[in-house]
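Working notes for the structure below.
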């Protein structure tokens, strides 16, 4: 026997010994696939399982009318450690973090979130979605994931809430938009490029994004790309249940299984506990209460008379679209003439050049912008 062969054998035995000592030898998770109702037939499910098993992940197909009950029983008993399914009714507070490969740069991006409901309040939900996105990204090996917020209703309020958490000690690595004017609020270009590791949005928008990213090459009837709609994550939730759709093809099912295995092997439940604890220590509950109190302000206000009209070439970004009128009237009450508009990057408050700095400071003090 040659010295090279002896060396290779010795190295293999050392690797096995190390794995046994670490307790990880032959302990890859088993993932159940409970996807009755697929639009592409059982052959598609079996092909997804076969593709996953080629990557060394054992799968079990769970079929029949009571597939969810069987899946839950198997999770409870430990027969499987995670599951891939569809139409699963997560409790309020739990929603899923999707994972796609963006077409612009071929980067992976986590979409937070895609199904379920983190909170009945839209902005509170997006704040929680951010934390859940960070959990998923960290459980997939990204130690310091970057965060961007999609430019949708609630984005600016979400930004301000997250800045408060960050200031109080919760770690959030914001990413600047790739567009020239920057900012943490991302444009459509950023979604295509995967500018940030995590893209925060409400679940309905996220669901739409997942469908587009996963099937834009097929015309929509067959989801061929990405990792599916992701795991249900929430404070105290202790299961790894992944969502795919009826249109998900074999490659997506296989990737969803891979995503599940990765989360389990990196102990996503433990990571989730630590992240929610850190966010709470930074005042998460108080931030959420403040958002909800603000959204319930429905007291009738006295009409505010506008100051004398003047040219308003100075544009101020960062005010939520739903707050534009209130922001404008607040400036009027301080003797600053203002108008509102909608630019290509979002809502804008318009004032004179002379009042620009003063208006920005007033809007910030009143809580209309970060």
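Rule-based calculations on the coordinates, nothing more; no lab input. These numbers were taken from a predicted model, which means no experiment stands behind them. Cβ sites come from the backbone with ideal geometry, for glycine too, and all protein chains shown count toward neighbours.
Data overview
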quantity	calculated
Zone residues, region 53-77, relative to residue 42, backbone N less than 12 Å from point 7 Å out along Cα-to-Cβ	61-65
Helix axis angle, 155-167 relative to the chain longest principal axis, alpha carbon, degrees	80
For region 144-247, convex hull of alpha carbons as volume per residue, Å³	129
Rg and Dmax of region 17-123, Cα atoms only, in Å	16.8, 52
Per-selection Rg to Rh, region 314-365 - Cα, Kirkwood hydrodynamic radius	0.91
Least to most buried among 177, 295, 118 (fewest other Cβ within 10 Å first)	295, 177, 118
Helix-only [θ]222 nm of the chain, DSSP H runs n ≥ 4, -39500 (n - 2.57) each, per residue, nearest 500	-13500 deg cm²/dmol
Histogram of C-alpha separations across region 79-141, 5 Å bin width, %	4, 16, 22, 23, 19, 11, 4, 1, 0
Computed over the chain, the ratio Rg/Rh where both radii use C-alpha atoms and Rh is Kirkwood	1.08
DSSP bridge orientation in region 30-291 - percent antiparallel, rounded to nearest 5	35
Highest average packing first - 324-330, 215-221, 32-38, Cβ atoms within 10 Å	32-38, 324-330, 215-221
Protection proxy ranking of 106-112, 281-287 - average other beta-carbon atoms within 10 Å, highest first	106-112, 281-287
Extent along principal axes [Cα atoms of region 184-303; Å; largest to smallest]	57, 39, 27
Taking region 30-291 and dividing mean pair separation by its residue count, relative contact order in percent (alpha carbons under 8 Å, at least six apart)	27
